[in-house]
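First comes the structure, then the notes that go with it.
The values are calculated or read from the model by the stated rules, or taken from the named source; none is laboratory data. This is a predicted model, so every value here is computed, not measured. Please note: Cβ atoms are built from the backbone with ideal geometry, for glycine as well, and neighbour counts cover all protein chains shown.
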Amino acid sequence: MLIQGTCRRPRGFTLVEIMVTMALFVVLLGLGVPAFMTFILNAKVKNAAETSLAGINLARAEAVSRNTVVRFQMVTNLTSSCANSSTALGWVVSLDSPAGACEIAPSVTTTPRIVQKQAGTEGTDSISVAATGGSGVAFNGLGRIVSGGTLPTPFTQIDFTSAQGVCEHTAADGTVRCLRILLSTGGQAKLCDPKVAATTDPRYCS
(Lines give C-alpha, C1' and ligand atoms only; values in the text may rest on other atoms or scores of the structure.)
Protein backbone atom coordinates (compact mmCIF):
# COMPACT_ATOMS: atom_id res chain seq x y z
CA MET A 1 0.00 0.00 0.00
CA LEU A 2 1.44 3.29 -1.08
CA ILE A 3 1.36 6.18 1.34
CA GLN A 4 1.06 9.48 -0.37
CA GLY A 5 2.98 12.34 1.29
CA THR A 6 1.33 15.66 1.79
CA CYS A 7 2.46 18.36 -0.61
CA ARG A 8 2.47 21.97 0.56
CA ARG A 9 2.03 24.74 -1.93
CA PRO A 10 4.80 27.39 -1.63
CA ARG A 11 3.52 30.48 0.13
CA GLY A 12 4.23 33.82 -1.57
CA PHE A 13 4.03 37.39 -0.30
CA THR A 14 0.63 38.91 0.23
CA LEU A 15 -0.25 42.31 -1.17
CA VAL A 16 -0.24 43.79 2.33
CA GLU A 17 3.30 42.49 3.01
CA ILE A 18 4.56 43.92 -0.27
CA MET A 19 3.01 47.31 0.46
CA VAL A 20 4.49 47.41 3.98
CA THR A 21 7.94 46.48 2.64
CA MET A 22 7.77 49.18 -0.03
CA ALA A 23 6.67 51.77 2.52
CA LEU A 24 9.61 50.92 4.79
CA PHE A 25 11.99 51.09 1.81
CA VAL A 26 10.71 54.55 0.86
CA VAL A 27 11.13 55.81 4.44
CA LEU A 28 14.69 54.44 4.69
CA LEU A 29 15.53 55.87 1.27
CA GLY A 30 14.22 59.27 2.33
CA LEU A 31 16.42 59.20 5.42
CA GLY A 32 19.51 57.92 3.66
CA VAL A 33 19.65 60.04 0.49
CA PRO A 34 20.13 63.45 2.23
CA ALA A 35 22.89 62.02 4.43
CA PHE A 36 24.60 60.50 1.41
CA MET A 37 24.40 63.76 -0.55
CA THR A 38 25.92 65.64 2.38
CA PHE A 39 28.72 63.08 2.51
CA ILE A 40 29.42 63.60 -1.20
CA LEU A 41 29.47 67.41 -0.86
CA ASN A 42 31.83 67.25 2.12
CA ALA A 43 34.11 64.87 0.21
CA LYS A 44 34.27 67.28 -2.74
CA VAL A 45 35.10 70.23 -0.50
CA LYS A 46 37.83 68.22 1.21
CA ASN A 47 39.23 67.03 -2.11
CA ALA A 48 39.42 70.57 -3.50
CA ALA A 49 41.04 71.95 -0.34
CA GLU A 50 43.59 69.15 0.00
CA THR A 51 44.52 69.37 -3.69
CA SER A 52 45.18 73.12 -3.42
CA LEU A 53 47.13 72.62 -0.19
CA ALA A 54 49.29 70.04 -1.96
CA GLY A 55 49.96 72.55 -4.75
CA ILE A 56 51.02 75.27 -2.31
CA ASN A 57 53.31 72.89 -0.43
CA LEU A 58 54.77 71.69 -3.73
CA ALA A 59 55.59 75.26 -4.78
CA ARG A 60 57.37 75.92 -1.48
CA ALA A 61 59.28 72.64 -1.59
CA GLU A 62 60.37 73.26 -5.19
CA ALA A 63 61.54 76.76 -4.30
CA VAL A 64 63.75 75.39 -1.54
CA SER A 65 64.97 72.47 -3.66
CA ARG A 66 65.85 74.65 -6.67
CA ASN A 67 66.96 77.62 -4.55
CA THR A 68 64.90 79.94 -6.72
CA VAL A 69 61.52 81.64 -6.72
CA VAL A 70 58.58 79.33 -7.47
CA ARG A 71 54.95 80.41 -7.49
CA PHE A 72 51.55 78.85 -6.89
CA GLN A 73 48.98 80.60 -9.07
CA MET A 74 45.21 80.10 -9.16
CA VAL A 75 44.02 80.16 -12.79
CA THR A 76 40.70 80.09 -14.62
CA ASN A 77 41.61 77.13 -16.83
CA LEU A 78 44.57 75.29 -18.35
CA THR A 79 44.38 76.76 -21.86
CA SER A 80 46.22 79.53 -23.68
CA SER A 81 43.49 81.93 -22.53
CA CYS A 82 43.96 81.25 -18.82
CA ALA A 83 44.00 84.18 -16.42
CA ASN A 84 44.85 84.66 -12.77
CA SER A 85 41.77 84.49 -10.55
CA SER A 86 41.15 84.44 -6.80
CA THR A 87 37.95 82.43 -7.36
CA ALA A 88 39.36 79.68 -9.57
CA LEU A 89 39.85 76.05 -8.55
CA GLY A 90 42.53 75.41 -11.16
CA TRP A 91 46.15 76.17 -10.31
CA VAL A 92 49.66 76.12 -11.73
CA VAL A 93 53.01 75.76 -9.96
CA SER A 94 55.66 77.45 -12.09
CA LEU A 95 58.77 79.60 -12.10
CA ASP A 96 57.23 82.30 -14.32
CA SER A 97 53.74 83.76 -14.54
CA PRO A 98 51.51 81.17 -16.25
CA ALA A 99 48.85 83.67 -17.39
CA GLY A 100 48.05 83.03 -21.05
CA ALA A 101 50.31 79.98 -21.21
CA CYS A 102 48.70 77.35 -18.98
CA GLU A 103 48.50 74.87 -21.86
CA ILE A 104 52.30 74.50 -21.96
CA ALA A 105 53.50 71.11 -20.76
CA PRO A 106 55.70 71.01 -17.64
CA SER A 107 59.25 71.97 -18.62
CA VAL A 108 62.47 73.25 -17.03
CA THR A 109 63.25 75.46 -20.04
CA THR A 110 60.03 76.45 -21.82
CA THR A 111 58.35 79.52 -20.33
CA PRO A 112 56.50 79.64 -17.98
CA ARG A 113 58.56 76.66 -16.77
CA ILE A 114 55.62 74.82 -15.29
CA VAL A 115 56.33 72.28 -12.54
CA GLN A 116 52.80 70.96 -12.11
CA LYS A 117 49.24 72.04 -12.87
CA GLN A 118 45.75 71.02 -11.81
CA ALA A 119 42.44 71.58 -13.56
CA GLY A 120 39.61 72.88 -11.43
CA THR A 121 37.04 70.43 -12.80
CA GLU A 122 38.50 67.13 -11.59
CA GLY A 123 36.11 65.82 -8.94
CA THR A 124 35.34 69.27 -7.57
CA ASP A 125 32.20 70.33 -9.46
CA SER A 126 29.84 72.61 -7.50
CA ILE A 127 32.73 73.69 -5.22
CA SER A 128 33.36 77.42 -4.83
CA VAL A 129 36.69 78.94 -3.83
CA ALA A 130 37.60 82.43 -2.69
CA ALA A 131 41.11 83.63 -1.87
CA THR A 132 41.64 86.67 0.34
CA GLY A 133 44.32 89.22 -0.55
CA GLY A 134 45.45 87.81 -3.90
CA SER A 135 45.27 84.90 -6.33
CA GLY A 136 48.71 83.36 -5.82
CA VAL A 137 51.85 83.20 -3.73
CA ALA A 138 55.57 82.98 -4.50
CA PHE A 139 58.29 81.42 -2.36
CA ASN A 140 62.04 82.01 -2.41
CA GLY A 141 64.86 79.53 -1.83
CA LEU A 142 64.36 79.77 1.94
CA GLY A 143 60.68 78.87 1.65
CA ARG A 144 59.57 82.36 2.61
CA ILE A 145 56.91 84.42 0.83
CA VAL A 146 58.17 87.03 -1.62
CA SER A 147 56.25 89.61 -3.64
CA GLY A 148 56.75 92.70 -5.77
CA GLY A 149 57.46 93.23 -9.44
CA THR A 150 55.80 90.54 -11.54
CA LEU A 151 55.30 88.25 -8.53
CA PRO A 152 51.72 87.74 -7.30
CA THR A 153 50.32 89.58 -4.31
CA PRO A 154 50.09 86.74 -1.80
CA PHE A 155 46.74 85.59 -0.47
CA THR A 156 46.32 85.10 3.27
CA GLN A 157 43.63 82.44 3.12
CA ILE A 158 41.49 80.41 0.73
CA ASP A 159 37.92 79.37 1.60
CA PHE A 160 36.28 76.31 0.08
CA THR A 161 32.47 76.10 0.06
CA SER A 162 29.74 74.33 -1.90
CA ALA A 163 27.19 75.92 -4.20
CA GLN A 164 24.79 73.12 -3.29
CA GLY A 165 24.70 73.67 0.46
CA VAL A 166 25.26 76.02 3.37
CA CYS A 167 28.40 75.91 5.51
CA GLU A 168 28.00 74.62 9.05
CA HIS A 169 30.03 77.48 10.50
CA THR A 170 27.89 80.19 8.89
CA ALA A 171 24.38 78.94 9.70
CA ALA A 172 22.74 76.84 12.41
CA ASP A 173 21.04 74.70 9.76
CA GLY A 174 24.18 74.40 7.63
CA THR A 175 25.09 70.91 6.45
CA VAL A 176 28.35 71.36 4.53
CA ARG A 177 31.68 71.08 6.34
CA CYS A 178 33.47 73.95 4.60
CA LEU A 179 37.24 74.24 4.89
CA ARG A 180 39.92 76.92 4.77
CA ILE A 181 43.62 77.17 3.96
CA LEU A 182 45.58 79.67 6.03
CA LEU A 183 48.94 80.99 4.86
CA SER A 184 51.27 82.34 7.53
CA THR A 185 53.70 85.19 6.91
CA GLY A 186 56.51 82.64 7.18
CA GLY A 187 55.12 80.63 4.27
CA GLN A 188 53.51 77.70 6.08
CA ALA A 189 50.12 76.60 4.70
CA LYS A 190 47.56 75.00 7.01
CA LEU A 191 44.22 73.32 6.29
CA CYS A 192 41.66 74.12 8.98
CA ASP A 193 37.95 73.90 9.79
CA PRO A 194 36.18 77.23 10.56
CA LYS A 195 33.54 75.38 12.60
CA VAL A 196 36.05 74.14 15.17
CA ALA A 197 35.95 76.46 18.19
CA ALA A 198 38.44 74.77 20.53
CA THR A 199 41.78 76.54 20.26
CA THR A 200 43.57 73.33 21.29
CA ASP A 201 42.13 71.41 18.35
CA PRO A 202 44.68 71.12 15.48
CA ARG A 203 41.83 71.84 13.03
CA TYR A 204 41.22 75.24 14.61
CA CYS A 205 41.67 78.19 12.25
CA SER A 206 44.11 80.29 14.24
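Structural remarks
- Single residue of 165, 134, 141 found to be over 16 Å from residue 58 (Cα atoms), in a loop (DSSP other than H, G, I, E, B) and modelled with pLDDT of 95 or more: 134
- Within the stretch 71-99, being in a loop (DSSP other than H, G, I, E, B) and in contact (Cβ under 8 Å) with a residue 60 or more places away in the chain holds for one residue alone: 86.
- If the condition is being touching a strand residue (DSSP E or B) at 6+ places or on another chain (Cβ under 6 Å), without any contact (Cβ under 8 Å) to a residue 12 or more places away in the chain and more than 19 Å from residue 85 (Cβ to Cβ), then the stretch 129-182 contributes only 174.
- Residue within the stretch 106-126 that is at pLDDT 95 or above, part of a loop (DSSP other than H, G, I, E, B), touching a Gly at 6+ places or on another chain (Cβ under 9 Å) and buried (at least 21 other Cβ atoms within 10 Å of the Cβ) present: no
- Condition met for residue 148 (at pLDDT below 90, surrounded by fewer than 18 Cβ atoms within 10 Å (Cβ to Cβ) and more than 22 Å from residue 120 (Cβ to Cβ)): no
- For the stretch 168-193, the set of residues classified as in contact with a helix residue (DSSP H, G or I) (Cβ under 8 Å, 6 or more places away or on another chain) and assigned to a loop (DSSP other than H, G, I, E, B) consists of 175, 177, 178, 187, listed by residue number.
- Answer from 159, 201 - the residue that is in a strand (DSSP E or B), over 18 Å from residue 59 (Cα atoms) and of a type in the set (Asp, Glu): 159
- Extreme residue, surrounded by the most Cβ atoms within 10 Å (Cβ to Cβ), among residues of the stretch 46-101 that are among the acidic types (Asp, Glu) and farther than 17 Å from residue 181 by Cα: 62
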